[in-house]
Structures are given as structure tokens and as C-alpha cells.
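Below: one structure, written as C-alpha cells.
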Amino acid sequence: MLSWERRDRGGVDVTDDSLPMRVGVAGLGAIGMAVARGLDRGIPGLTLGAVAARNLDRAHERISGFAYPPEVVRAADFASCTDVIVECAPASAFRSIAEPALAAGRVLIPASIGALLFHEDLIGLAERNGGRIIAPTGALIGLDAVRAAAEDKIASVRMVTRKPPASLAGAPYLAKHDIRLDGLSQPLKIFDGNAREGALGFPANVNVAAALSLAGIGPERTRLEIWADPALSRNTHHIEVEANSARFSMTIENVPSDENPRTGRITALSLLATLRRLTGTLTVGT
């Protein structure tokens, strides 16, 4: 277990491996609030030590009903008061959260895993300073099988994402290519490329493709299609893998978050499950 420094009730700095790991949550949107609430309810061996958001006053308001309200700090200050940082912010804020955390040797669990594809130097930063980056499965399925297959040879990985048009609104790729989804009456394929290109064009929508690519054969070789489908009410991902060890396909239909239709409810639950593995006596899965 990681140790962390804290002040006891007498104001004395102490370090004690028997104390729970302090978790910081950066970003209090739909995902971040769900993770923070889960930690406030309790996970053995962990405690919600701090939260960060762009508007600190608003952050204070959002956690005011917590049983154990954490500190409210700026993202740059997380490293001094937490062991584990869960990043739940917009992709544009990824580096400002990740870099100081990894430079201080902390554990980073990023929801914006797609952003890591454009800041790969952070992996080296973590290695030099004893930090770790743990990519959660997120709103996906079967990364354990993909990781296992990658121990041998994988020939191809293909992912097809289908989403209600409203959940794709605001994607940079749509604006760049002047693609309009208003009034769409039938499914429309709006993207066909690799996972890196998809993460750049749809930073709020396809973190799952980035996680899939990192588990398998990389972002350039992982193929991705994105469809806008007005008949759907759930975000759907279908994956096909051809490998030496197995051929398999997987489909997941995620219920969108009430607060943010761009993400599924299961995303925050995946982050909580990832946190629980840090201290769990029994863990299941590759």
C-alpha cells in the first residue's frame, strides 16, 4: 500500500502505511460526482481526500451533503494531499492534472484515456518518478480478453460505435467536416478511421476506443467506425478481434448518464471498480 502524509488532530505530520490511501477526484461532472459519492459511501482501504474543479465555490456546494466532505483544491495541488488521482475532467484539462500527479509519483486513473494518446511522454514521466497510470475499462467490455490475446499475436481489432445523435453533439470532427445531425432520420456513418484519429475528432465520445487500442495492438492499427443512429437510446459498442489465440466479438449497450448523454452510467462504476481493486484482497479478471 502507498503511504501518504497527513496531519493528525494535533497538527503533527505523520506517515503511516496502515492509513487508507487518499483519493483525489479531478472534475465534478457526471462521472466525477458519481465517483466522489461512491468513495464517500465507503470503499475499504480508501478515503476521498480531495476534489478539484474549475469553479472551487461550486465544488464546495456540490460536496456539501457528503458524510465526509473532502478538501477542495486546485488540480496542481493534488499531489501534495493524495496518493491516487482520478481524472474526470474535460480532455483539454488532462495534462494539467496528469503531469503534476505523475511527476510526484502518484497513481493516475484517467477517464479521459483518449487524451493519453496525445501526451504519451507522460508514460515516461511516470516511469522516471515511480508513478503509475491505470486505464479503466470504462464503458466497454472484454479488455481482459484483448490484453490476454496481446501476449501472443493479434491480427486485427475493429470497433463499431453507434450513438444517438444528441450524444455526439459538439464533437470537433463534426464541425470540421460540417456534418449536421439535426433531423437525422436514419443511421449515418460519420467516421471511419483509426483509434487515434477518432480520439482527436471525438474527445468526449470514444475514450473506449483509446482504451481498446492500448490493451491490444495500438491506436494506429485499431480500426473505428462511428455511427449516429436516431433509433437508438443507448450508446452501443461492438468489437471484433482476430488473434492467434482466439477469435471473439463483444457488444455492450450502455445506458446514458442522466447528466451527460455523451457517457454511459457504467463509466463511473468502472472507475469505482478500478479503485476497489487497489486495496481488494481478491481481484477477478486479467
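The values are calculated or read from the model by the stated rules, or taken from the named source; none is laboratory data. In this text the structure is predicted, and so the values were computed from the model without any measurement. Heads up, the Cβs are rebuilt from the backbone with ideal geometry, glycines too, and the neighbour counts pull from every protein chain shown. Remember, those area values only see protein heavy atoms, side chains included, never the ligands or the DNA or RNA. Shrake-Rupley method; radii C 1.70, N 1.55, O 1.52, S 1.80 Å.
Counting only residues at least eight positions apart within a chain, or on another chain, the aspartates and glutamates with an alpha carbon under 12 Å from that of Lys163 are Glu225, Asp229, Glu253. For the chain, the solvent-accessible area works out to 49 Å² per residue, with a probe of 1.4 Å and every protein chain left in place.
Each of the peptides 207-213, 27-33, 46-52 was scored by the mean count of other Cβ atoms within 10 Å over its residues; in descending order, highest first, they stand as 207-213, 46-52, 27-33.
Taking the DSSP beta bridges with both ends in the chain, the antiparallel portion is around 50 percent.
Of the trypsin sites (Lys or Arg not before Pro) found in segment 18-82, those in coil by DSSP whose Cβ has at most 16 other Cβ atoms within 10 Å are Arg54, Arg74.
The length gained on full extension between Thr251 and Asp192, counted as 0.36 nm times the residue separation minus their Cα-Cα distance, comes to 19.4 nm. Modelled this way, with points 7 Å down the Cα-to-C-beta line, the labels at Leu282 and Ala169 are 4.5 nm from one another. Surface calculation, 1.4 Å probe, protein heavy atoms: Ile113 sits at approximately 10 Å² accessible.
Think of the chain as having a plus end and a minus end, set by charges on the Cβ of Lys, Arg, Asp and Glu; of Ile113, Ser249, Ala89, Ser249 sits farthest toward the positive end of this dipole.
Element breakdown for segment 83-188 at a 1.4 angstrom probe: carbon and sulfur atoms account for 49% of the accessible area.
Can you list the DSSP H helices in the chain whose Cα atoms extend at least 20 Å along the helix axis and whose mean Kyte-Doolittle hydropathy is -1.0 or higher? Those that pass (Cα extent of 20 Å or more, hydropathy at least -1.0) are 265-279. Were the residues from Ser233 through Ser64 laid out at 0.36 nm apart, the gain over their Cα-Cα distance would be 57.6 nm. When the chain is treated as a GNM with alpha-carbon contacts under 10 Å, the residue of Gly105, Gly183, Gly131 showing the greatest mean-square fluctuation is Gly183.
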